[in-house]
Amino acid sequence: MKRIGGRYRLEEPIGRGGAAEVWRAFDERLLRPVAVKLLFPHVQAAERERFAREVRALARLSHPGVVPIYDLGEEEGRLYFVMELVEGGPFDRLGPFEEGVEGRRLLRAALEVLDTLDHLHAQGILHRDLTPANILTTPGGHAKVMDFGLAYLAGSEGLTRTGYTLGTPLYMAPEQATGGALTPAADLYAFGAVLYKALTGEPPFSGKHDQAILYKHVYEAPAPPEAKNPAVFPALSRLVLDLLKKKPEDRPKGARVVHRRLRRVARELEGRAYRTARAGASRSGHYPEGPLAPETLHREEIARLAGEPAWPGELVLSGERMALGVGARGVALLEGGAVRYLPAEDEISAPPLFAGALYYAGWDGGVYRFSGGEPERVFQAQAEITAAPLEAGGRVYVPSRDGRLYVLENGELAYAFEAGGHLSAGATLYRGMLFLASESGWVYVLEPTSGRLLYKVEAGPIHVPLPAAEGVVLFPTWPGEVHAFDPLSRETLWTFELEGEIWAAPAVGYGLAFLASWGGVLYAVDLREGDEVWSARVGRVTAGLSLAAGVLYVATEEGRMLAFDAKSGELRFEAGGLGELQVPPLPTERGVYLASLDGRLYRFSEPE
């Protein structure tokens, strides 16, 4: 059977279940790809009824989050229906959760699923079989719910009978596992399990057989998601665990309520990108917000700071508070137009960190915490600290030039990892692993919770954080070679050589890696292949590169800030005469902030 319905050419099978198979096909009449779900000829009458039920359920729905039905028919005694072909893959391919663009994309898709569930439940429809494979994603990351074969329609008979429970055990609510009455809360539990899988890479429960898994759903508590992926932050973890409550009445009261809570969690995730140097734990340099029309930016000097904001310093932001190391004057904390200087016993060049309190570290080796009042020294390393600290799982990770990574929990030392060689670059958290680059040339890959060494890679001396996105971690070496590394296969994908030393942290996003050095040329390189996409001569760059809203921001030693279209390389804005620049631009919804070496703090904003 190569063609059905006189118009659908079957091309290749893309899915198979007990009762039906799904084909990629081509509609020869409308000239578009489609998916065809085709019932096997041997199925019993009950399966044919379930198949027809799925078609009826889908046909009555009109919602962007539901895969639409195009056609229904029968060919050689086999029922089939034709639907939209969704080619992005199952929902969990958006995971595991990372701070940065990938995490924001996952939460955006989760919000779309919740909006769809709210619509379904308002129509009296329970899905009853939500799994990662039944929530497909488009190539752009949008979510669509499908496979309504087990859906319960208001006014119809239930499909659960004593001793036989329909559904998928890995994602099944306790009341469904025990044959109890089902409500929308069962779909919320299932989506909580799907979300858990996407966030961590593992379902909440596993076992050797279905009954073992169902037993755990009914009687055992799931491990907190952050125990399996430290990038999952507390507010997100609490929401998922609330969805996985055993009793339906203990779960959030409807998909709309969950949607509202997840929106708040998504906003917190965006805020976390600004509280940590390089846009979060993955150090991608890709920020959630930025000017939409950089051509219209105008400059204003908003503060004159004492001290020198020098490399490798960065601006960090939490709400209305902004912080930056300014050398001998410590840390400049700006709030409400006022500037306060937080002291240390030696110069501060390392970027600060907002993690509840404000953490900062200095050339004296001290780690300081400021919660209001006077700063307190909470730890003392054996050498200067110039690297950006990182917070994950309630712990603060502080690399030092004494060759050790110090991991602090509530101000106390949880463990120290001895790498050897100066540690000048802040650690990167990606794919559940901690990446630590040394000036000795080695990159150490650790299990974050215990500090256990998983493996190490010889890359060359590195002075800047390792940016990570889309399954790739970049190793930008000081002599000028940039290696793209797959952390799961442990393979080097490509190497790109720059002219001159690398002091500027690269940025990654939109499928590209953005690279600059003291050689004076800026490059955009395909992240998977390493091929040059565009380049521009910009002059010597020490400050890290920053991405936001499709625009790449570059600050040069010669005192210019440039804004390029990230995909095409078109120059969209240029400002000069800013003074020597070593601190990366910080793009926000209020404009782009930039600090010069002589202490001038600028904001470039769009007209109101």
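Can you tell me which residue in the stretch 166-212 is modelled with the lowest pLDDT, limited to those that are among the aliphatic types (A, V, I, L, M) and in a loop (DSSP other than H, G, I, E, B)? In this case the residue turns out to be Leu166. So which of Glu28, Glu84, Glu74 ends up being over 30 Å from His286 (Cα atoms), surrounded by fewer than 15 Cβ atoms within 10 Å (Cβ to Cβ) and modelled with pLDDT of 90 or more? Answer to the check: Glu28.
Scan the stretch 295-345 residue by residue and report those that are among the small types (Gly, Ala, Ser) and either farther than 17 Å from Tyr359 by Cα or not in a strand (DSSP E or B) (or both). Walk me through it before giving the result.
Just the residues of the stretch 295-345 that are among the small types (Gly, Ala, Ser), to begin with: 303, 306-307, 310, 313, 318-319, 323, 325, 327-328, 330, 332, 336-338, 344.
Hits for the stretch 295-345 are Ala303, Ala306, Gly307, Ala310, Gly313, Gly319, Ala328, Gly330, Gly336, Gly337, Ala338, Ala344.
Taking the criterion of being part of a helix (DSSP H, G or I), in contact with a helix residue (DSSP H, G or I) (Cβ under 6 Å, 6 or more places away or on another chain) and modelled with pLDDT of 95 or more, would at least one residue in the stretch 229-236 satisfy it? Yes, that holds for at least one residue.
Residues in the stretch 373-400 that are without any contact (Cβ under 8 Å) to a residue 40 or more places away in the chain, within 31 Å of the chain's Cα centre (by Cα) and assigned to a loop (DSSP other than H, G, I, E, B): Ile385, Pro389, Ser400. Just one of the numbered conditions (1) under 27 Å from the mean Cα position of the chain (by Cα); (2) crowded, with 23+ Cβ neighbours inside 10 Å; (3) more than 28 Å from Tyr444 (Cα to Cα) is not true of Lys567: (2). Take the residues in the stretch 429-461 that are charged (D, E, K, R) and buried (at least 18 other Cβ atoms within 10 Å of the Cβ); name whichever of them is nearest to Trp478 (Cα to Cα). Step by step, filter the stretch 429-461, then rank; the result is Glu439.
Going through Leu305, Leu334, Leu297 one at a time, which residue ends up being surrounded by fewer than 24 Cβ atoms within 10 Å (Cβ to Cβ), in contact with a Pro (Cβ under 8 Å, 6 or more places away or on another chain) and hydrophobic (A, V, I, L, M, F, W, C)? Full working, then the answer.
Working: Leu305 fails: in contact with a Pro (Cβ under 8 Å, 6 or more places away or on another chain); Leu334 fails: in contact with a Pro (Cβ under 8 Å, 6 or more places away or on another chain).
The unique qualifying residue is Leu297.
Sub-8 Å Cβ pairs linking a first residue in the stretch 517-542 that is within 17 Å of Trp311 (Cα to Cα) and assigned by TED's automatic domain parsing to the domain that holds Ser568 to a second residue that is hydroxyl-bearing (Ser, Thr, Tyr) and at pLDDT 95 or above, at least 6 apart or interchain, are Trp518/Thr542; Gly539/Thr556; Arg540/Thr556; Val541/Ser517; Val541/Thr556, ordered by first then second residue. If the condition is being in a strand (DSSP E or B), over 23 Å from Gly313 (Cβ atoms) and either touching a residue at least 60 places away in the same chain (Cβ under 8 Å) or out of contact with any Lys or Arg (no Cβ under 9 Å at 6 or more places or on another chain) (or both), then the stretch 489-512 contributes Glu491, Thr492, Thr495, Phe496, Glu497. Is there a residue in the stretch 143-161 that is modelled with pLDDT of 95 or more and in contact with a Lys or Arg (Cβ under 9 Å, 6 or more places away or on another chain)? Checking the stretch 143-161: at least one residue is modelled with pLDDT of 95 or more and in contact with a Lys or Arg (Cβ under 9 Å, 6 or more places away or on another chain).
Of all residues in the stretch 439-457, those satisfying the criterion of being part of a strand (DSSP E or B) and either under 23 Å from the mean Cα position of the chain (by Cα) or without any contact (Cβ under 8 Å) to a residue 12 or more places away in the chain (or both) are Val443, Tyr444, Val445, Leu446, Leu454.
The values are calculated or read from the model by the stated rules, or taken from the named source; none is laboratory data. All values reported here derive from a predicted model rather than from experimental measurement. Every residue, glycine among them, receives a Cβ derived from its backbone with ideal geometry; neighbour counts consider all protein chains shown.
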